[in-house]
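The values are calculated or read from the model by the stated rules, or taken from the named source; none is laboratory data. What you see is a predicted model, and the numbers here were worked out from it, not measured in a lab. Every residue, glycine as well, gets a Cβ built from its backbone with ideal geometry; the counts of neighbours run over all protein chains shown. What goes into the accessible areas is simple: the full protein's heavy atoms, side chains included, and nothing from ligands, DNA or RNA. Shrake-Rupley method; radii C 1.70, N 1.55, O 1.52, S 1.80 Å.
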Amino acid sequence: MGCSKNLVDSEKLATQLHASGFKFVFDRFDTKAKTVIINTCGFIGDAKEESINTILEFAQAKTDGKIKHLYVFGCLSERYKDDVVKEIPEADAVFGANNLEEILAGLKADYKKELVGERLISTPSHYAYLKISEGCDRSCAFCAIPLMRGRHTSVPMEHLLKEAEYLAKNGVKELMLIAQELSSYGLDLYKEKKLAELVAKLSDIEGIKRIRLHYAFPFNFPDDVLPLMRERANVARYLDIPLQHISDNVLKRMRRGHTQESTKKLIEKIRAEVPGIALRTTLLVGFPGETDADFQELKQFVTETRFDRLGVFTYSEEEGTHGAANYKDDVPEKVKQARKDEIMQIQEKISLELNHAKVDSIQDVLIDSETDEFYVGRSEFDSPEVDNDVLIQRSAGELKIGEMYKVKIINANEFDLLGELL
Ligand code: SF4
């Protein structure tokens with residue numbers, strides 16, 4: 001459950017279990033599995049609810065004798081362990097989020113150090129997430145992640161390179177670099193920002209055709225990755241950089257550490273240094289004290305900046321955060337939702353215009369899957385699951401999943417592009 005960082009944790013657990021002789025499936029509807037392990041998400045209200053409902057569903061399945069064992073770990077149980085233990089007596093064991101060895105011991109499996117750098121993946125075999133650090137040292141007022149994932153801890157570069165080489169040898173062509181906060185990679189371990197060095201070394205690995213950066217932070221951004229995006233064909237001109245807001249009043253209350261001016265300057269710099277780059281961002285509306293004037297500033301910013309991809313969350317008060325401790329959740333739910341809808345309407349129009357501008361362009365498209373009618377792929381500007389697809393008629397000929405093809409874009413809508421094989 002939850003984000004791609006949780007997915008990597010699940011894959012690492014599965015890799016260790018496999019080495020201890022366990023068979024495993026990632027399909028929650030596979031009824032053959034008699035042991036169920038739930039990796040939970042504790043990010044915000046909706047995600048927590050989904051995790052709790054899933055635990056309850058499998059607790060019932062255990063009571064009904066459909067499964068034998070139920071284990072729970074991840075962010076929700078890291079945050080609310082005692083409650084989960086008390087409320088779900090059906091669970092054989094409940095673990096936190098960051099202790100693979102403890103979970104394995106609880107499952108009577110060994111932790112094999114020699115497997116560091118190896119990973120069985122649950123994504124299609126041609127792409128994988130590479131989690132380059134854990135935790136976060138920032139203290140954004142709305143965010144409970146540091147409470148669940150702890151301080152920022154970079155994964156040693158040699159481990160990441162070994163893992164990427166292993167993945168490339170096993171057919172992975174595209175790597176999504178992920179973290180709670182990507183920009184700080186290396187600051188703890190090497191006392192300097194090392195993201196660019198890591199990306200350069202990953203880009204030299206044979207077989208890696210595409211490297212994509214997610215979850216960058218706009219303060220202290222490692223500018224030295226930009227030339228790599230501009231100059232290296234296998235470093236995608238793509239950046240996911242959650243900004244959350246643009247009004248100085250709200251950014252200050254959110255304790256984001258960046259300002260309207262510094263944010264706009266950074267976006268200008270990124271676009272100047274990497275022409276044609278696709279920018280994805282995430283915004284948060286309805287933060288306590290967000291005035292209509294603040295929201296107008298945000299709307300203006302979205303309209304002017306024309307992000308390629310954009311997601312919006314509504315503020316959810318999370319206990320233990322600075323926001324919950326210091327601010328009344330004073331923006332009515334209806335207003336939060338209306339503001340989210342307004343931003344998404346603006347973005348849908350922008351997305352349609354930007355997609356139309358891609359018609360007649362030539363794109364390198366990596367094929368992810370197929371339907372009865374189409375091959376479904378992605379260009380350098382689209383990350384799996386969150387961005388656009390490029391659809392190619394099946395009649396175009398036999399295409400291989402996991403291969404990259406030159407495609408001419410012939411049509412577009414706000415979500416997808418239609419392509420013709422060249
Ligand atoms: S940067 Fe802020 S929002 Fe992101 S994980 Fe850290 S505290 Fe949370």
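Remark: the Cα gyration tensor places the range 245-312 in the prolate category, a/c being 1.5 or greater and a/b exceeding b/c.
The mean sequence distance of close C-alpha pairs (under 8 Å, at least 6 residues apart), as a share of the length of the chain, puts its relative contact order at 10 percent. Helical content of the chain, expressed as a calculated mean residue ellipticity at 222 nm, amounts to -10500 deg cm²/dmol (DSSP H runs of 4 or more residues, -39,500 (n - 2.57) each, divided by residue number, nearest 500).
For F219, F142, F295, write out the residues from largest to smallest accessible area, computed with a 1.4 angstrom probe and no ligands counted. Kindly include the intermediate steps, with their values, before the conclusion.
Working: F219 100, F142 30, F295 0 Å².
Descending accessible area places them as F219, F142, F295.
Checking every one of the trypsin sites (Lys or Arg not before Pro) in the range 320-421 against DSSP loop status and a limit of 12 other Cβ atoms within 10 Å picks out K328, K400.
Model label points for D224 and N170, set 7 angstrom from Cα along the Cα-to-Cβ axis, are 3.1 nm apart.
In whole percent, what relative contact order does the range 362-421 give with Cα contacts below 8 Å and a gap of six or more residues? Write out the running numbers ahead of the final one.
Details: 127 pairs, mean separation 21.8, N = 60.
Computed over the range 362-421, the figure is 36 percent.
By the compact-protein rule of thumb, 2.2 N^0.38 Å, the alpha-carbon radius of gyration of the range 51-104 corresponds to a ratio of 1.08. Peptides 125-131, 255-261, ordered by how many other C-beta atoms sit within 10 Å of their residues on average, highest first, read 125-131, 255-261.
In a shell of Cβ-Cβ distance under 9 Å around L100, excluding L100 itself, what net charge do Lys and Arg (+1) and Asp and Glu (-1) give?
-2
For K408, the aspartates and glutamates whose Cα comes closer than 15 Å to its Cα, not counting residues fewer than 8 places off in the same chain, are D360, D364, E380, D389, D416, E420.
Given the range 127-356, what percent of its DSSP beta bridges are antiparallel, to the nearest 5? Don't skip to the end; give the middle numbers.
Numbers: 2 of 23 bridges.
Restricted to the range 127-356, the bridges split so that about 10 percent are antiparallel.
How much length would be gained if the chain were fully extended between A325 and H356, taking 0.36 nm per residue of separation minus their Cα-Cα distance, in nm to one decimal? Don't skip to the end; give the middle numbers.
Working: separation 31, 0.36 × 31 = 11.16 nm, distance 4.58 nm.
Gain on extension, A325 to H356, equals 6.6 nm.
What the range 96-249 shows is 39 Å² of accessible area per residue, with the surface traced by a 1.4 Å probe over protein heavy atoms. Its Cα centre serving as origin, the range 362-421 has a Cβ charge dipole (Lys and Arg +1, Asp and Glu -1) of approximately 280 debye. Secondary structure note: in the chain, about 40% of the DSSP beta bridges are antiparallel. With R₀ set to 56 Å, the beta-carbon distance separating L115 from Q345 gives a calculated FRET efficiency near 0.70.
Between the C-alpha center of the range 246-296 and that of the range 407-422 there is a gap of 31 Å. Within the accessible area of the range 127-356, the carbon and sulfur atoms contribute 52%, probe 1.4 Å, all protein chains present. Taking all protein chains into account, the per residue accessible area for the range 362-421 stands at 48 Å² (1.4 Å probe).
Shape class for the range 234-275, computed from the alpha carbon gyration tensor (a ≥ b ≥ c): prolate, with a/c not under 1.5 and a/b above b/c.
Across the range 127-356 the C-alpha pair distances fall into 5 Å bins from zero in the proportions 1, 6, 14, 17, 18, 16, 13, 9, 5, 2, 0 percent. Report, ordered by chain and residue number, the lysines lying within cross-link reach of K32, taken as a straight Cα distance under 17 Å and ignoring same-chain residues fewer than 8 apart. Within the straight-line cut-off, K32 pairs with K23, K62, K66, K68.
Report the semi-axes of the equivalent ellipsoid for the range 4-113 in whole Å, largest first, where each axis is √(5λ) for an eigenvalue λ of the Cα gyration tensor. If you can, show how the numbers build up before the last one.
Values: eigenvalues 79, 59, 34 Å².
Square roots of five times the eigenvalues give 20, 17, 13 Å.
With the cut-off at 1.5 for a/c, could you classify the range 362-421 from its C-alpha gyration tensor as rounded, prolate or oblate? Verdict is rounded for the range 362-421. In the full protein context, the range 13-73 carries 56 Å² of accessible surface per residue, based on a 1.4 Å probe and ignoring ligands, DNA and RNA.
For E101, the solvent-accessible surface computed with a 1.4 Å probe is close to 110 Å², ligands and nucleic acids excluded.
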